[in-house]
Amino acid sequence: MQNLLVCLLVFLYNSFMIKIKQNDSVVCGLQKRIETLYDHLYANASFRTPSGISNEVGKILHTGLFRESVLKTSPAFVFDESLWRVFNAGFSKEGLAYSSVIKRDFIQMNKVWQLYEKEAKIELNDFDLCFTCYQLSSLTLSDPVKDIPGDTLEIIRSQWVKRMGGQFFTDQHVTSLAMKLLDFNPLAGEDLIDICAGTGGFLLAGLNHIRFMIEDKFSEEEVETETIKVACKALHGQEVDSEVAEIANSTLQARLGKNAKGLVISGDSLAYKAFTKSSGKKISFDSHLCAASNPPFGTKITIKDPQILEQFELASRPNSSQKLLFPGQLKPTAPDILFLERNIRMLVPGRGRLAIVLPYQILSGPKTQFVREWLLRNVNILAVIDLPDETFQPHTGTKTSLLVVQRRQKPLLELTTDLPDYKIFMSIPRWIGHDRRGYPVYAKTPDGKTKDVVLTDLPDVGLAFQAFKRNDDFRAIHEFSFSIDSSTIFKDPLLRLNALFHRPALETKENWSDSLIEKGWSFVKLKDVTKRVFYPGRFKRNYVDYFPGAVPFLGGSNITEFLATKDKWLSPNDPKLADLRVQAGWLLVTRSGTTGIVSSVPDSWDGFAMSEHIIRIIPDPEKLDQHYLLAFLRSRHCQEQIARGVFGSVIDEITPQAIADLEIPIPKSKKALDKVAAQIQEGEKSRNLGIVHFMSGSECFEQMLKA
């Protein structure tokens with residue numbers, strides 16, 4: 001009883017000391033502990049490589065699991081007051097004794113579980129070993145709810161990757177969610193491959209998923225051996241960078257021991273005949289039930305090798321807008337597009353499932369419609385998750401979605417709207433668990449106190465998906481999750497797949513049109529009641545210094561200004577000036593960056609030049625009052641429609657076509673329409689008058705200074 005009391009007091013004391021060290025007086029939990037451990041080992045251990053750190057920490061984790069499940073010592077590592085002195089006042093004989101016990105238990109563990117070579121031992125010195133155990137102190141490593149070993153290795157992996165630039169790092173919340181959306185079932189013989197394995201994030205998530213399933217079906221003593229047996233059979237990956245592949249293998253070996261050696265092989269997954277049966281690899285075409293991947297993406301990175309491109313249907317396509325570089329309709333193609341096709345090619349027809357992270361542009365942009373056409377012919381869409389904007393920040397601001405698909409038994413010859421309908425799960429989670437600088441963001445209690453839990457709703461998305469599969473009320477679990485009929489996608493001219501475009505909301509036309517129609521309202525497309533919706537093409541901006549007759553040039557940030565900031569000027573002889581000029585009464589909508597900002601051209605801006613990033617709408621007063629149209633464009637209903645049409649992975653964009661297709665509600669009563677138009681017209685008159693007065697006042701002030 002006394003020892004238990006001492007342990008409790010020490011645990012509380014340790015927690016108190018951690019709080020003292022933090023400016024916000026909040027316990028950061030496992031994340032903070034393991035980051036501290038990684039920094040210590042990286043600076044002090046006899047080895048400084050990620051693989052070395054992972055292997056040694058893995059040995060200690062396995063020893064801890066053995067102590068809890070076999071030796072019945074739980075938690076595995078607990079420090080009393082005397083051991084606290086190891087870190088408070090230098091190393092001591094108590095620390096040396098504790099280190100000897102852990103080394104002895106490792107040897108015993110390895111005899112029973114045989115995870116490492118027969119002569120293997122813990123290579124950490126006594127101080128570093130104790131420091132590692134101290135960071136794991138009082139944690140129940142075998143807790144079936146919290147996967148402490150898996151989370152520990154994930155944090156170590158992420159620390160290394162973040163410091164190397166983050167190019168191979170996929171957030172753990174994303175990889176864990178992918179396993180749930182795939183409905184990965186290794187106990188039924190399903191395998192999981194990742195042909196862009198990086199440092200093994202998806203495979204580690206698969207391993208954690210395996211362990212979680214096994215803990216439900218096996219005794220505590222059997223969990224480790226069964227996990228190893230199933231995982232070594234089910235998990236496989238390939239990575240082009242041999243050093244990165246080594247990191248992935250080290251991470252997996254830290255959980256699986258020597259049996260995991262070589263689960264991730266080094267090789268180019270896009271190479272010619274990379275996965276044919278003659279390649280001799282465990283990974284081959286048409287043979288896998290689950291795949292997960294985060295391929296390299298970026299429109300500036302393209303594959304140009306004709307021998308590689310000729311393998312892919314998505315690289316062989318006509319393109320009337322650009323001259324083809326290679327014969328046979330081959331075109332340099334971004335690797336993410338090729339990897340999408342390659343991953344689907346790996347799956348068992350009719351059964352295989354893929355979870356893949358893709359740039360938002362592929363699921364929503366006009367230029368990538370050909371990808372979506374190919375995709376819908378070859379797969380059924382199971383789920384689309386628009387990931388939070390911060391997911392890959394601070395390393396890249398690229399917006400992404402997690403797409404989950406199932407390969408069709410045979411590709412469709414054509415896309416039609418009369419295909420068998422099915423439900424698709426979609427979600428727009430809000431929080432990933434860190435901010436755009438990469439710092440953890442923690443949840444708060446209702447009274448505003450910070451909790452020791454990172455702020456993310458991705459686990460709720462996973463629970464909502466499981467409820468969706470059971471036909472339960474999943475909206476009660478996650479309010480930003482929903483489902484659509486597959487026919488909805490086929491009816492969209494652009495075949496958009498992003499969740500935002502299909503998001504139901506009270507503001508969207510579909511939710512309020514029926515009630516308005518019942519009241520006698522009608523709907524018209526904006527293009528049918530205007531003369532033109534357009535923006536000028538890109539041009540080289542040849543700015544000039546101001547001189548009498550120079551034409552003011554305004555950008556998207558200027559259009560809402562009362563008095564526009566005129567600090568850029570074009571020559572009246574500029575060959576592009578006619579395309580850039582606007583006229584009083586035209587309506588304006590920003591199309592890139594911050595999309596959907598609406599304004600009109602006041603009388604004083606008539607003839608000004610404006611950026612190509614602004615869409616111009618030329619009203620047709622004979623068809624619809626321009627002031628009523630302006631009222632609609634500024635309404636929440638319209639802004640909701642505009643938001644759904646936004647695409648772009650790095651910079652938000654919207655097309656003139658999307659604006660032209662906006663549905664405008666027209667009231668039955670012309671009197672009601674005129675009332676709205678009159679109020680807007682009065683405001684526009686006041687705006688014009690105010691600009692005139694301000695300009696006159698400024699001129700008077702300038703004349704007064706000269707006098």
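Here, each number is a calculation from the coordinates, and none is a lab measurement. Bear in mind that the values here come from a model prediction, so they are computed numbers and not experimental data. Cβ: placed from backbone, ideal geometry, glycine included. Neighbour counts: every protein chain shown.
General observations
- Backbone amide hydrogens, once placed in the peptide plane, bring Cys290 within less than 5 Å of Asp191, Ile193, Arg353, excluding anything fewer than 5 places away on its chain.
- Across the cross-link table entries Lys540/Lys568; Lys304/Lys540; Lys491/Lys623; Lys261/Lys304, which are compared at the Cα atoms, the separations over 24 Å belong to Lys304/Lys540; Lys491/Lys623; Lys261/Lys304.
- Charge dipole (the chain, unit charges on Cβ, about Cα centre) - positive-most of Ile107, Thr488, Leu375: Leu375
- Relative contact order computed over the range 509-681 (Cα-Cα under 8 Å; 6+ residues apart), in percent: 30
- Inter-centroid distance (Cα atoms) of the range 253-269 relative to the range 575-631, Å: 59
- A Förster distance of 30 Å, applied to the separation of the beta-carbon atoms of Phe539 and Glu313, puts the FRET efficiency at 0.25.
- Relative contact order for the chain, counting Cα pairs under 8 Å that sit 6 or more residues apart, in percent: 9
- Overall Cα dimensions of the range 363-427, principal axis frame, Å, largest first: 43, 25, 19
- Percentage of interatomic Cα-Cα distances in the range 461-576 larger than 26 Å: 56
- Here the calculated FRET efficiency for Asp485 and Val650, from their Cβ-Cβ distance with R0 = 41 Å, stands at 0.85, rounded to the nearest 0.05.
- 15 Å beta-carbon shell around Ser269, net charge (K/R +1, D/E -1): -2
- In percent, rounded to a whole number, the relative contact order of the range 608-690 is 34, using alpha-carbon pairs under 8 Å and six or more apart.
- Dividing the convex hull volume of the alpha carbon atoms of the chain by its residue count gives 228 Å³ per residue.
- Working ranking of peptides 616-628, 397-409, 197-209 by packing, defined as the average number of other Cβ atoms within 10 Å per residue, highest first, is 197-209, 397-409, 616-628.
- Cα→Cβ-extended label distance, 7 Å offset, between Arg532 and Asn688, nm: 2.1
- Calculated mean residue ellipticity, 222 nm, the chain: -12500 deg cm²/dmol, from DSSP H runs (n ≥ 4) at -39500 (n - 2.57) each, averaged per residue and rounded to 500.
- Near Phe106, once Lys and Arg are set to +1 and Asp and Glu to -1 for all other residues with Cβ below 9 Å from its Cβ, the sum equals +3.
- Listed residues Pro619, Gln639, Phe608: farthest to the positive end of the dipole of the range 509-681 (Cβ charges): Pro619
- Remark: the chain carries a charge dipole of roughly 1040 debye about the Cα centre, counting +1 on each Lys and Arg Cβ and -1 on each Asp and Glu Cβ.
- Rounded to whole Å, the principal axis extents of the Cα atoms in the range 509-681 read 58, 38, 25, largest first.
- Ranked for footprinting exposure by Cβ neighbours inside 10 Å, fewest first, Tyr98, Tyr439 give Tyr439, Tyr98.
- Around the amide H of Leu382, modelled in the peptide plane, lie the amide H atoms of Val404, Val405, Gln406, all under 5 Å away and 5 or more residues distant in sequence or on another chain.
- Each other residue within a Cβ distance under 10 Å of Lys121 adds +1 if Lys or Arg and -1 if Asp or Glu, for a net charge of -1.
- Amide H to amide H, with H built 1.01 Å from N, Arg532 comes under 5 Å of Ile618, counting only residues 5 or more places away or on other chains.
- Taking each of Lys399/Lys451; Lys180/Lys217; Lys32/Lys399 in turn, the alpha-carbon distance tops 21 angstrom for Lys399/Lys451; Lys32/Lys399.
- Each of Ala178, Pro440, Ser401 was scored by the projection of its Cα onto the charge dipole of the chain, and the greatest displacement toward the positive side belongs to Ser401; charges sit on the C-beta of Lys, Arg, Asp and Glu.
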